[in-house]
Amino acid sequence: MRYLYTNPVTTIVSPCERAIPSSNIDLHYAHCSRNLEKCKICGDMVPRKHAEEHYESTHAPVSGSKGNNKLYIAF
């Protein structure tokens with residue numbers, strides 16, 4: 001388990017980099033590691049089962065109406 005910052009009340013844990021109450025850190029880390037992944041483009045934590053959908057709706061190139069031009073959606 002990789003801790004980025006810790007104090008008596010909260011711990012900021014990788015991969016989600018959120019402040020988690022220290023009493024819940026083991027449970028949170030297990031849940032986060034199993035169910036979420038960090039988007040390589042925007043850094044958001046996305047449920048693994050929705051990662052492809054996240055990419056397609058947020059980052060995938062979109063063909064333009066003028067030939068082979070590609071547009072990239074950025075939010």
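Figures for the structure shown
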item	result
Protection proxy ranking of 11-17, 23-29 - average other beta-carbon atoms within 10 Å, highest first	11-17, 23-29
Two-site label geometry, Lys49 and Ala19: point separation in nm, points 7 Å out along Cα→Cβ	3.2 nm
In sequence order, calculated HN-Hα J values of segment 42-47 (Karplus, 6.51, -1.76, 1.60; Hz; x Gly/Pro)	9, x, 5, 7, 10, x
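No value in this document is a laboratory result; all are computed from the given coordinates. Nothing here was measured: the structure is a model prediction, and the numbers come from that model. Backbone-built Cβ (ideal geometry, glycine too); neighbour counts: all protein chains shown.
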